[in-house]
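K.L.:
Structure incoming, see below.
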Amino acid sequence: MGLFKLRTSQNIVIFITLIIFISLGLSRSLSFSKIKTEYVIYHSSQNKFSGYLARPADDQKHPAIILIHEWWGLNDNIKENTRRFAELGYVALAVDLYEGQTGTTRTEAGQLAGSVRKNMDAAFTNLREAVTYLKNNKLVKQDRIASIGWCFGGGWSYQMAKNDLGVKASIIYYGRFNPKDDLQKMRATILGQFGEDDRGIKVDNVKEFQAKLKTLNGNHEIYIYPNAGHGFANSNGGNYDQKAAETAWKRTVQFLKMYL
């Protein structure tokens, strides 16, 4: 009798475990069934830039977001974020400033980022082409496009706003900026998210940037996360800070709802 009860209990545990796995798989399948993903060429006749696009599967018009990768390149982490935005109802295009290359070490990533900085005009052309591509996409609301970037990409999201490249809102995750910049051309609303312990971006400079934004039109938002370092939102990185990342994500979602 005791052996029977033991086997019954074991069977129940196995059954419950199977149900959990099936439920998780079904949930993921349903999530992906709500969106469509593909690699696209966003280009003019002179240029061919390949990006990763995710969008709602309903074939209706939606606001759009341009995602700009970290210095690692257009990797799985950025693609995952692209899908997350599509699940929220955005046409999300992850651009590629490295033309298909990615870095797996800090040395490789630094070299790739350095090559972009040596040819800024090409990067600006890349981002302008992305905006044009989305504005010509029949599933995009043309006047409701935002940019978002992390680290290296955060700096480029700032550049898209500063140079008025056609985005209505710009989200900067620990990206470089210059608080001395002339921002009179800027039309986008800024959301900046920075770590207090970021060794590359000083808190005093962030506060100076925040003060500068307050002198401009628009309800710009700057947040500094206590005890968080550079790259705090990257769950695959060594500086991941779950609390800061989750709060920053909630603010990102709310900001996009407000301005797109």
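The values are calculated or read from the model by the stated rules, or taken from the named source; none is laboratory data. In this text the structure is predicted, and so the values were computed from the model without any measurement. Counting neighbours? That spans all protein chains shown, and the Cβs are built from the backbone with ideal geometry, glycine included.
K.L.:
Quick check, is Pro56 in contact with a helix residue (DSSP H, G or I) (Cβ under 8 Å, 6 or more places away or on another chain) and surrounded by fewer than 21 Cβ atoms within 10 Å (Cβ to Cβ)?
P.N.:
Values: in contact with a helix residue (DSSP H, G or I) (Cβ under 8 Å, 6 or more places away or on another chain): yes; surrounded by fewer than 21 Cβ atoms within 10 Å (Cβ to Cβ): yes.
Yes, satisfied.
K.L.:
Those residues that are polar (S, T, N, Q), under 21 Å from the mean Cα position of the chain (by Cα) and surrounded by fewer than 18 Cβ atoms within 10 Å (Cβ to Cβ), I need them from the range 220-237; list them, please.
P.N.:
Applying the first criterion (polar (S, T, N, Q)) to the range 220-237 yields 227, 234-236.
Then drop every residue that is not under 21 Å from the mean Cα position of the chain (by Cα), which leaves 234-236.
Matches in the range 220-237: Ser235, Asn236.
K.L.:
Using beta carbons and a limit of 6 Å, which pairs, at least six apart or on different chains, have the first residue in the range 66-83 and hydroxyl-bearing (Ser, Thr, Tyr) and the second one outside any helix (DSSP H, G or I) and buried (at least 24 other Cβ atoms within 10 Å of the Cβ)?
P.N.:
What qualifies is Thr82/Ala54; Thr82/Leu67; Thr82/Ala92; Thr82/Ala94.
K.L.:
Quick test of your reading of the structure: Gly218 fulfils all but one of (1) out of contact with any Ser or Thr (no Cβ under 6 Å at 6 or more places or on another chain); (2) modelled with pLDDT under 95. Name the failing condition by number.
P.N.:
Of everything listed in (1) out of contact with any Ser or Thr (no Cβ under 6 Å at 6 or more places or on another chain); (2) modelled with pLDDT under 95, Gly218 misses just condition (1).
K.L.:
Then there's this: I'd like the full set of residues that are without any contact (Cβ under 8 Å) to a residue 40 or more places away in the chain, surrounded by 20 or more Cβ atoms within 10 Å (Cβ to Cβ) and out of contact with any Cys (no Cβ under 8 Å at 6 or more places or on another chain), limited to the range 144-182.
P.N.:
Here is the first cut: in the range 144-182, the ones without any contact (Cβ under 8 Å) to a residue 40 or more places away in the chain are 155, 158-159, 161-164, 166, 170, 172, 175-182.
Now restrict to residues that are surrounded by 20 or more Cβ atoms within 10 Å (Cβ to Cβ): 155, 158-159, 161, 166, 170, 172, 175, 177.
Matches in the range 144-182: Gly155, Tyr158, Gln159, Ala161, Gly166, Ser170, Ile172, Phe177.
K.L.:
Any idea which of Leu165, Leu191, Leu134 is part of a strand (DSSP E or B), aliphatic (A, V, I, L, M) and assigned by TED's automatic domain parsing to the domain that holds Gln242?
P.N.:
Only one candidate qualifies: Leu191.
K.L.:
Taking Val13 as the residue in question, decide whether it is among the β-branched types (Val, Ile, Thr) and modelled with pLDDT of 95 or more.
P.N.:
Working: among the β-branched types (Val, Ile, Thr): yes; modelled with pLDDT of 95 or more: no.
In short, no.
K.L.:
May I pose another question? May I ask you to say which residue of Phe32, Phe21 is modelled with pLDDT under 65, touching a Lys or Arg at 6+ places or on another chain (Cβ under 9 Å) and surrounded by fewer than 16 Cβ atoms within 10 Å (Cβ to Cβ)? Let's see the steps before the verdict.
P.N.:
Details: Phe21 fails: touching a Lys or Arg at 6+ places or on another chain (Cβ under 9 Å).
Result of the check over Phe32, Phe21: Phe32.
K.L.:
Of all residues in the range 224-243, count the ones that are over 13 Å from Asp197 (Cα atoms) and in a strand (DSSP E or B).
P.N.:
Kept after step one, since they are over 13 Å from Asp197 (Cα atoms), are these residues of the range 224-243: 233-238, 242-243.
With in a strand (DSSP E or B) added as a condition, the list becomes none.
Adding up the residues that qualify gives 0.
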